[in-house]
Each structure stands twice: as C-alpha cells, then as structure tokens.
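Notes follow once the structure below has been shown.
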Amino acid sequence: MLRDIFSKKRKYATISKQAEREDVPEGLMVKCPSCRKIYYRKELEKNKLVCPNCDHHHTMSAKERIDSLMDEGTFEEWDVQLTSDNPLEFPDYIEKVEKDQRKTGMNEAVMTGKGNINGFETAIAVMDSRFRMGSMGSVVGEKITRAIETAREEQLPIIIFTASGGARMQEGVLSLMQMSKTSVALERFSRSGGLFISYMTHPTTGGVSASFASLGDFNFAEPKALIGFAGRRIIEQTIREKLPDDFQTAEFLYNHGQLDRVVHRHEMKSTLTTVLDIHQSGGDAS
Amino acid sequence: MKNVLPFEKPVVELREKIAELKKISGDSEVDLSEEISRLENRLEQLENEVYENMTPWDRVQMARHAERPTTLDYIERLFTDFLELHGDRYYSDDEAIVGGIAKFEGKPVTVVGHQRGKDTKENIRRNFGMPHPEGYRKALRLMNQAEKFNRPIISFIDTKGAYPGKAAEERGQSEAIAKNLMEMAGLTVPIICIVIGEGGSGGALGISVGDKLYMLENSTYSVISPEGAAALLWKDSNLARKAAESMKITSYDLQELEVIDGVIEEVHGGAHRDIEGQAAKIKEVIKSSLEELNQLSESELLEKRWQKYQQIGSTTSVLKREESEE
C-alpha cells in the first residue's frame, strides 16, 4: 500500500527515467566549459564525458559514474527512501531539496549501493554535485554511514566518489556532526580490516574534504578537481595575497604529497580493478 | 567599564550606581541604606531578566568575550602537575593548540585544547586560536600517547575555526582534521570534550570526537560562523544576528538537537565573572563522566562511542512524509 502512494506521486521518485532525461542538456550539442569547443553529446558520452580536445573532465552524475564503472546489471541501490527533514526549520529548505530530487531523480546528494567492477564485488557511494552542490546534511551522512556499515558486515571493500561543496548550511551543526559520524564509521570499518578507496572529483571541499574524502587507504583524484578545506576567496581575504592558479587542484595536492595518484577518467576502472584485485581474492577477473 | 556587552549595559550601569551610593553613604552622614537596598533588589530583578533571556546573539558575544576564560585558565584550576608538551614532530609547534600531561584528582590524564591569546601580542603568537595542521597533529600525537599509557583525555574546544591559509592547505588542513576524527573514534581511553567558548566548524571538531561532549552555557558550536552564514545565505554578513538566531548554535539548541551530553551552567554575566566557580562546575562534570566511563571495558567504550555518533542527524523516509501529507 505504501508503494502505491510512492508511485502515484512522481515528484519524490528516486530513480526516474523521466527526471534523468530532463537533466541532460537540451539539444544534441555540448560546449566544453574549458576550451569552448562544441561536441555532439553522444561523442562526449562515448569518451566518458572527457573533452576530446582539452581533456576537461565534465561533471558526471552519480548514475553516469556508476554506469560507466560497474558491470552491467550488477548494481543494487541502497536507502533510496531516505530524505531530508528540516531540523532547523529553514524557510524553503524542503522545497529546494524537492526541486533537486526532481532535477536529478535522486533522493539526496549521494547514491549508495553495491555491485561488481570487472567481477570484483564492492560497496560504493557516489556523490552528485548537482544536488544541493553535493553538500552533506543528515541524509548524506546517514547514507554513507550505512553504506560503510553494510560493507563491514558483508566484508566488502568500499569506494567513495566525493563531489561536494562541504557541510550543508541549512542543517547547521547536524551537518557538521556528519563529519564525525562518517569518520567513526570508517574507523570501525578500518579496524575490521576493510579496504576504503577515496576517489575525489570536482569539487571536494570543506567538511567532506576534512572527513571521509581524506581518509582512504588510497586517496585518488580526477585531474584538475578542486580539493581543499577553506574556500579560495576566504583564504585570499585572510592572507591578503593572490593565490596561484593551480591552488587546491588535484595536481596541487599531489605535488604536496596528499594524494596517491591523480587518475584520468579513462584509467578509473582499470586503476580501481587493480586495487580491488590486490586486496581481494576470488574475483571473476582473477 | 570596559568589555561590557550591549545587552548587559543596564545591569552594569545599575551596579555602578549602587557602588557609587555605597561610597557616598560611607563618606557622609546621610543614611542611604534604604535606597541602596531598594536598588539592590532591583538589580537582582534586572539581572534575572537580562541573563535569563539572553538571545543567541547575546551568547555569541559572550562566547567571544575578551575576558572569557581560556583553556589554560581552566587547566590551571582543574589539574595539578600540568606539564605542557610541544610540537607535532613533523613540522613545528602550533601554539593555537596546547596540550600536555597532568593529574586530575590525583590521577594521570592528557589534556588538549585550543588556546586563544589574552592580548594582541599573544593572539599573534597563537594565531587567534586558529590552528594549522601541525596543531591537530600535535594533539593527535599526545592523544596517542594517552592511549598507550592508558590515560583519559580531556579536550577543551574554543576556536573560530581552523586557519584558512595557504600554508595550512599546502600542509593538509583537511587531512589533519579528518585523521583526528577517525583516530579519536578508535582511541581506547575515555575522551571528554568541553566547548568553553566558540566551537567553530571543522576546526573545533578536529579535537572533539569523544565519549562525552559538554558545552558551557554561553558557548556556541556551529557549522559556520554567524557572519559566514549570513554572507552565504543572504549575501550580507551584517545579518549575522539573524543567522545566529536561525542556525541553532547555542548550548541549549545543541541539547535539543541531541548532539551534546549536557549544558554546564554559567553564573549571571558569564564564566569570566567567576572563573573559580566555573572551574568547579566543570570539575564536577569531568569527575562524574570519568566515573561512568571508567566502568566500561575498551570494547564497550568504543561500541558506545559508535552508537553515540550513529544516531546524530535528522532524516525521514519519503514514504513517511508522503503519508503525513495525505
């Protein structure tokens, strides 16, 4: 009976083909925001949304990421029913969340579940920057925490793709506490011997950068992704000097010893497969 | 009188007037005792009115008060044999965080905390209590040492936030904070965290994962400063007062949100009016917390810590909300 209510009102649907189609930029052509070259959308998609001209990594939705990574038909999504409450009674907050639910077809800014990558079963959480800038409130924290816990119980590795502006303002200190919550879950997971691969994509800043994103056994990032704790403008105002252009990019972090590798999207699947393979016996690919 | 907050001005003025009258009546033959006692009654009334009805913005001002006691003020009063220890062993010593070993009621503990300066000179040295990565790494080093020697950890939180600077980013501010969150989650000794002033976002969080989290009545804990929130939400940092009201950042707000274990009351006018008394109240809380936590085995301690954090947040299910709407 509950399912009936759920399916009748489309506006909350979490995996809706219609909603997804709406988000695809109108028309057949896409302009690269970096080099301004214009492409067929199909051509870009074939190239994993990487600009064939300048190598710019276009934003990937969570669904696109999972589709490009997981073996077909193996992904099982978790916790699609969870949604934001409005603990601070912020005006218009729920409306904004609902608008992004319709826009993205997701219930919140992260998609979690499990599936296979070249035959290796793994838990996965993929953040989506189109949903409230990927900000972390109670639901994002809860879904990631649950995914980590399930991975621990089922003795699976977990891969988290981050894309987030940080903690979500509208849930105040509860958003902040999700940093602790996910970190406490990761400690438990780590203590049980679990493998965690953190994969940072554009942008990974603030509270997400200062919690689980930095806590991988392996920390990878996509080229040119913005990664950092404090915002560029705030730092410039504080220290009163111009920052270098590459400040807080993946390459900047790599040069300062904070990343294991900067991984091109074309190498994403093979790199992850190698790590999973080395840590896990019994995958189909072995 | 310096450092009087706008909202408490009437109280201070009346108090000054009474003092003046007392001086006059002492110097002269005129008997003012009746007038004085009338005014003293009025003062008591006024104090109740003013301090029992503080707005969140008043509390923000109080948490930032120039005379507000700092970590070292409390360390001096709560512990004996405090020996400050320095350096993260990688880069430098960050004086925005202090830490060391001490005794609490005769038993060994490790103490860490943010440290603001008392004057401009000290504030520059301590970077206004805003740590760099090495501050968090020093704290972690000391906390790991505490675990090795089985000492409980007491952490005092009082910072506007982790320092937003170029060097901090280069040396991994995010990683330093993140690592502390995770490592503190797994330390097998009791950790008691007390917010004594401002609890500014990730910079505060970086030393405040533990088994108990308390806040002084007039302290704050928030995801962003009221000024920052106002700038982000309404593009106007002058709306900080409004932001303070709506962001739920006071001790009582956090108690209601079930984020903290309790509020430690302050005297009228704030902790700086009675540092000894405030320290005594904090002492009671540490004492009872340790008594409770010392009963637990290591695995029970970690399990309880996990449960404490697991339940923080506010979510609902789509299905539930649909039901309530129909």
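At a glance:
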quantity: Index of the failed condition, B:LEU46 passing every other in (1) farther than 16 Å from B:ASN218 by Cβ; (2) part of a helix (DSSP H, G or I); (3) out of contact with any Pro (no Cβ under 8 Å at 6 or more places or on another chain); calculated: (3)
quantity: Segment A:178-227, subset among the charged types (D, E, K, R) and within 7 Å of chain B (Cβ to nearest Cβ), residue nearest to B:GLY203 (Cα to Cα); calculated: A:LYS181
quantity: Residue among A:LYS48, A:LYS103, A:LYS63, A:LYS31 that alone is farther than 24 Å from A:ARG168 by Cβ and either crowded, with 17+ Cβ neighbours inside 10 Å or in contact (Cβ under 8 Å) with a residue 12 or more places away in the chain (or both); calculated: A:LYS48
quantity: Conditions (1) surrounded by 24 or more Cβ atoms within 10 Å (Cβ to Cβ); (2) closer than 21 Å to B:ILE312 by Cα; (3) at pLDDT below 95: number failed by B:GLY206; calculated: (3)
quantity: Selected residue (criterion: surrounded by the fewest Cβ atoms within 10 Å (Cβ to Cβ)) from residues of segment A:176-217 that are basic (Lys, Arg) and under 25 Å from A:THR274 (Cα atoms); calculated: A:ARG191
quantity: Any strands (runs of 3 or more DSSP E) falling wholly within segment B:70-133 and containing at least 3 residues that are hydrophobic (A, V, I, L, M, F, W, C) and at pLDDT 95 or above; calculated: B:97-104, B:107-114
quantity: Meets criteria (buried (at least 21 other Cβ atoms within 10 Å of the Cβ) and not acidic (Asp, Glu)) for B:GLY135; calculated: yes
quantity: Failed item, numbered, when B:ILE224 is tested on (1) among the hydrophobic types (A, V, I, L, M, F, W, C); (2) in a loop (DSSP other than H, G, I, E, B); (3) within 28 Å of B:PRO190 (Cβ to Cβ); calculated: (3)
quantity: Residue tally, condition of a type in the set (Ser, Thr, Tyr), farther than 10 Å from A:GLY228 by Cβ and at the interface with another protein chain (Cβ under 9 Å from one of its Cβ atoms), over segment B:156-174; calculated: 1
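Yes or no, residue by residue, for (1) away from every other protein chain (no Cβ under 13 Å); (2) of a type in the set (Phe, Trp, Tyr); (3) buried (at least 24 other Cβ atoms within 10 Å of the Cβ):
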{"site": "A:MET127", "(1), (2), (3)": "yes, no, yes"}
{"site": "A:ARG130", "(1), (2), (3)": "yes, no, no"}
{"site": "A:GLY141", "(1), (2), (3)": "no, no, yes"}
{"site": "A:ARG146", "(1), (2), (3)": "no, no, no"}
{"site": "A:ARG152", "(1), (2), (3)": "no, no, no"}
{"site": "A:ALA163", "(1), (2), (3)": "yes, no, yes"}
{"site": "A:GLN170", "(1), (2), (3)": "no, no, yes"}
{"site": "A:LEU174", "(1), (2), (3)": "no, no, yes"}
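For (1) assigned to a helix (DSSP H, G or I); (2) closer than 30 Å to B:ASN150 by Cβ; (3) within 15 Å of the chain's Cα centre (by Cα), each residue gets a yes or a no:
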position: B:LYS242; (1), (2), (3): yes, no, no
position: B:HIS268; (1), (2), (3): no, no, no
position: B:GLN278; (1), (2), (3): yes, yes, yes
position: B:LYS283; (1), (2), (3): yes, yes, yes
position: B:SER289; (1), (2), (3): yes, yes, no
position: B:LEU296; (1), (2), (3): no, yes, no
position: B:LEU301; (1), (2), (3): yes, yes, no
position: B:LYS308; (1), (2), (3): yes, yes, no
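Results for (1) buried (at least 17 other Cβ atoms within 10 Å of the Cβ); (2) more than 14 Å from every other protein chain (Cβ to nearest Cβ); (3) among the hydrophobic types (A, V, I, L, M, F, W, C), shown as yes or no for each residue.
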site	(1), (2), (3)
B:GLY202	yes, no, no
B:THR220	yes, no, no
B:ASN238	no, yes, no
B:ALA244	yes, no, yes
B:ILE249	yes, no, yes
B:GLN255	no, no, no
B:HIS272	yes, yes, no
B:ALA280	no, yes, yes
B:GLN295	no, yes, no
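The values are calculated or read from the model by the stated rules, or taken from the named source; none is laboratory data. What you see is a predicted model; the values in this text were computed from it and never measured. Don't worry about glycine lacking a Cβ; one is built from the backbone with ideal geometry, like all the others, and counts go over all protein chains shown.
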